Amino acid sequence: MIKRYFLSTLALGFVLALSAQSTAEEKLKKGDFNGALADFTTQIDKFDAEAQSLVKKRAEYEKMNEYERALVDGAQLLESKSDWAKLYFGRGQAHNGLIHKADAIKDFSMAIALDPKMGDAYYERAVLTATPDNKENACVDMATASSLGNEKAQVLFDDNFCWNLALQHYKEGASKVMLRDYENGLKELSQAIRLSPDSGRYYSKRGQAYLGLKQNTKAIADFTKATEKQPNSPDGYYQLGLYYYNQDDHEKCLEYFTKAVEKNPMMYDAYMYRAQANERLNKTTSAIYDWGRCVNIRPNDGQAYYRRGLLEKDMKNNIDACKDFNKAAQYDLPEAKELAQECLEPGAKKPKQPNDKKKKEEEEESGE
């Protein structure tokens, strides 16, 4: 009986809470911002202290290293509190209707902290914070809102030229990665991703920064994310192939290099590494094909001719091998020149020496 009473009371409380929220939302729709504000605040006051404490703990969790996080129940801590978030979001809208900008931003921020997938909250905060001195942060909110399905956010993102900010950070980050300044490159590329979270190219480049920092797990995650964000781009697949190639996992790297050339049949580097992987797996016919693709893409690639020639020689295809060695020798490869000297041109025969027979007969006669 007591248990039944407890459950009935709990259910009644839940129904009343939904009813109160519904009433507040109705007032909001009708433009009764003061009434909506009062109703939302009444509901929020019941758990505000707990919500503030939770948000603080989440912020501390984000600063922890992997070892420290292992000691905490992260799943429970990061569990979405969408019901609470909706109430803060509603109150933020009421504040916004009353031109209480600072309070509205605060409530939208709480909604985001409690439910990081609430795209509408990012959008509303972006609208309020898109000032010249805060443009980049606002652009991050617009980009996040857009990636979460808020269609108005993409328009706002384009109108504020946020894509240009993302590109600037990407270029700076890519330059630093090229110079092996991986730490600063990572910072720039992470900001580029915050500004443009749907760009597979940005994830692919950040993955390279992680590799430079020996953070392989994060690198693989970024390369994989690149293939998910832009499945028709070869970049992520190529980087995964290169990673596994350098790990001597040649079977796995073949899988990704193959996907890369499917997306871009003119991707020379993917064919080159795939050819070498095939060589190491003794897949000679496949390797010959890949080196052939390399010379088709770059007809002046002496090394590709030379490598293909070696494989053809191993398969006793001497005529084709000699063609490749002669071609490679034209590009000043000493090893190719040496092999080319051992070859005869296809169809060539040893020159006839018509006087040999006569000379031999004369020698035999004189010997008699």
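The values are calculated or read from the model by the stated rules, or taken from the named source; none is laboratory data. Please read these numbers as outputs of a predicted model, since none were measured by experiment. Cβ placement follows ideal geometry from the backbone for every residue including glycine, while neighbour counts extend to all protein chains displayed.
Within the stretch 269-290, the set of residues being in contact with a Cys (Cβ under 6 Å, 6 or more places away or on another chain) and aromatic (F, W, Y) comprises just one member, Y271. Just the residues that are surrounded by fewer than 23 Cβ atoms within 10 Å (Cβ to Cβ) and touching a Lys or Arg at 6+ places or on another chain (Cβ under 8 Å), please, taken from the stretch 162-176. Within the stretch 162-176, L165, Y170, A174 meet the criteria.
Across the stretch 296-310, a minimum of one residue is classified as under 28 Å from the mean Cα position of the chain (by Cα), within 30 Å of C343 (Cα to Cα) and buried (at least 16 other Cβ atoms within 10 Å of the Cβ).
Among the residues of the stretch 186-220, which ones are touching a helix residue (DSSP H, G or I) at 6+ places or on another chain (Cβ under 6 Å), of a type in the set (S, T, N, Q) and in a helix (DSSP H, G or I)? Passing the criteria: Q191, S204, Q208.
Contact map, the stretch 21-38: first residue in contact (Cβ under 8 Å) with a residue 60 or more places away in the chain, second residue outside any helix (DSSP H, G or I), Cβ cut-off under 6 Å, separation 6 or more or different chains; pairs are F33/L98. Restricting the first member to the stretch 252-276 and to residues that are aliphatic (A, V, I, L, M), and the second to residues that are surrounded by fewer than 20 Cβ atoms within 10 Å (Cβ to Cβ), the beta-carbon pairs closer than 7 Å and six or more apart or on different chains are M266/I297.
The set of residues in the stretch 60-84 being at pLDDT 80 or above, part of a helix (DSSP H, G or I) and among the aliphatic types (A, V, I, L, M) consists of A70 alone.
Residues in the stretch 37-79 that are acidic (D, E) and either in contact with a Lys or Arg (Cβ under 9 Å, 6 or more places away or on another chain) or surrounded by 14 or more Cβ atoms within 10 Å (Cβ to Cβ) (or both): how many? Going through the stretch 37-79 one residue at a time, the tally reaches 2.
Looking only at the stretch 87-115, residues that are polar (S, T, N, Q) and either over 13 Å from A126 (Cβ atoms) or touching a Phe, Trp or Tyr at 6+ places or on another chain (Cβ under 7 Å) (or both) come to 1 in all. Taken over the stretch 291-341, the criterion of being acidic (D, E) and either touching a helix residue (DSSP H, G or I) at 6+ places or on another chain (Cβ under 8 Å) or closer than 21 Å to M266 by Cα (or both) is satisfied by D301, E312, D314, D320, D324, D332, E335. Taken as a whole, the condition of being outside any helix (DSSP H, G or I) and either basic (K, R) or more than 35 Å from the chain's Cα centre (by Cα) (or both) does not apply to K57. For the stretch 221-236, taking the residues that are touching an Asp or Glu at 6+ places or on another chain (Cβ under 9 Å) and assigned to a loop (DSSP other than H, G, I, E, B), the one that is farthest from S190 (Cα to Cα) is identified as P234. Screening W291 on (1) surrounded by 16 or more Cβ atoms within 10 Å (Cβ to Cβ); (2) more than 24 Å from K316 (Cα to Cα); (3) of a type in the set (A, V, I, L, M, F, W, C) shows it passes everything except condition (2). Inspection of the stretch 249-265 finds no residue satisfying the criterion of being in contact with a Cys (Cβ under 9 Å, 6 or more places away or on another chain) and part of a helix (DSSP H, G or I).
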